[in-house]
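Single-structure report; data block below.
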Amino acid sequence: MSKPIHFPPDFLWGSATSAYQIEGAPLADGAGHSIWTRFAATPGKIANGDTGDIACDHYHRWREDVALMRSLGLKAYRFSVSWSRILPQGTGAVNEAGIAFYEKLIDELLANGIEPMLTLYHWDLPAALDDRGGWLNPAIADWFADYARVLFERFDGRVCFWTTLNEPWVVTDGGYLHGPLAPGHRNLYEAPIASHNLLRAHGAAVKVYREIGKHRIGLVVNIEPKYPASDEPQDIAATRRADAYMNRQYLDPVFHGHYPAELKEIFGAAWPDWPREDFDLIGQKLDYIGINYYTRSVCRHEETNWPLKVAAVRQTQSTHMETGWEVFPQGLTDTLVEFRRRYGDLPVYVMENGSTFYDPPNAEDGQMHDPLRVDCLKKNLHALHAAIEQGVDLRGYMVWSLLDNLEWSLGFAKRFGIVHVNFETQQRTPKDSALLYAQVVASNGACL
Ligand SMILES: OC[C@@H]1[C@@H](O)[C@H](O)[C@@H](O)c2[nH]c(CCc3ccccc3)c[n+]21
């Protein structure tokens, strides 16, 4: 019998979502278009022609969804604000109806004893700013800081946990280098510029927060630890390139004031000489780091793969993600321990962790059984605890996701929710994984 595990007494157990994936009604009440309302309206961009026009109808069901979180005993809820609900043109006049929606949500969360954790940007750039170059226009650092200031002024104090960006790597790799995500560019020269401007915008928003904010602000990055497929020098070098490109491209400039050297090797002539003062802006001190962990990658050299010259070696036990994300809980422990070794003892929150498996239809007993997700969740939570035992200052965990939702270009078919959503009726049904998670929260992990 393994000894019961305990998490720190005030460990923050919660769940995470994002605006475009759950809200629906993206253009309601004066909201402007985003790059995702445009992408979804472009044939072939999202599987099955799915869109965020309705999604989980959270824009109208937010009170019911907060009650659902309360029923699960959640201590926190990580959500994102749609920039174009607040500033329909991305800059300029504030849309008070947009403010009102998030104000109702925040107040309802607080009334139910749930900590609101607000992400300023989770991929849904206002279309009006994309028309002005979007993340390719250096002015976006000011546009983003001005947007952030509006929300800081309205909500700081009720919101005590702020995140500037969700996953700058995905925004860049998906939206500007390989193109499966909005705005769908595929350009070696644009990707470094977009990525750098994301980090500049992050720094500009943190700088504003230091002027007027009184609580905590951080950045959320996706980390996918890289392991060499062999001890061949070519595979070792490929693994270093992959780690530099996906993981250190964001953490090194924020915490060490420079990019990893491998990026110049990867991008060559497409890698600019960055102005030194940009790193003073990017390197604003943070109160915490948010890490999203799903899987690892086993890397080998592959000359033909553009532009990294790396291939991932497919592993055995995988989730049902389209590229078969391996279930590898040890990678979560390794990621957290390695962050502390490389960047120091900053408080850490796991801001996303979850899995998608085909959920069998409702069993005769009316319960939604998801044994694979239950198994995955248990293993990841044990891995989380192992990191705490190795000295990581881990403060909280947000399971991805509260609800089945729009998995971006993969549509609704990839279900990550611990709560099932019937997208015809909008009925929410907690899965076995939600019942397990409720027990974990109630026992602070002792039930594991
Ligand atoms: O794919 C599941 C979730 C998304 O639904 C979230 O919006 C997003 O924050 C998120 N990030 C990751 C890991 C990073 C990643 C995303 C897409 C493709 C490859 C890696 C997984 N997820």
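The values are calculated or read from the model by the stated rules, or taken from the named source; none is laboratory data. Keep in mind that this is a model prediction, so the values were computed, not measured. When we count neighbours, we look across all protein chains shown, and the Cβ atoms used for this are built from the backbone with ideal geometry, even at glycine. Surface accessibility is based on the protein's heavy atoms, side chains included, excluding ligands, DNA and RNA. Shrake-Rupley method; radii C 1.70, N 1.55, O 1.52, S 1.80 Å.
Quick notes on this structure:
- Where helices (runs of 4 or more DSSP H) fall wholly inside the stretch 1-93, the ranges with 2 or more residues that are open to solvent by 60 Å² or more (accessible area, probe 1.4 Å) and under 18 Å from residue 106 (Cα atoms) are 58-72.
- Selection status of residue 110, away from the ligand (no atom under 14 Å from the Cβ), in contact (Cβ under 8 Å) with a residue 24 or more places away in the chain, part of a strand (DSSP E or B) and touching a strand residue (DSSP E or B) at 6+ places or on another chain (Cβ under 9 Å): no
- Looking only at the stretch 386-400, and only at residues there that are in contact with a helix residue (DSSP H, G or I) (Cβ under 8 Å, 6 or more places away or on another chain) and away from the ligand (no atom under 16 Å from the Cβ), the one that is most open to solvent (accessible area, probe 1.4 Å): 390
- Members of the stretch 416-434 found to be at negative phi, part of a loop (DSSP other than H, G, I, E, B) and surrounded by fewer than 24 Cβ atoms within 10 Å (Cβ to Cβ), listed by number: 423, 424, 425
- Verdict on residue 102 being under 24 Å from residue 12 (Cα atoms) and within 16 Å of the ligand (Cβ to nearest atom): no
- Residue check for residue 333: hydroxyl-bearing (Ser, Thr, Tyr) and more than 24 Å from residue 79 (Cα to Cα): yes
- Pair list, Cβ < 9 Å and 6+ apart or interchain, from the stretch 354-377 residues that are closer than 21 Å to residue 324 by Cα to residues that are open to solvent by 60 Å² or more (accessible area, probe 1.4 Å) and of a type in the set (Asp, Glu): none
- Of all residues in the stretch 55-69, those that are under 21 Å from residue 408 (Cα atoms) have Cβ atoms under 7 Å from Cβ atoms of residues that are among the acidic types (Asp, Glu) and buried (at least 18 other Cβ atoms within 10 Å of the Cβ), 6 or more apart or on another chain, in 55/23; 58/23; 58/65; 59/23; 62/108.
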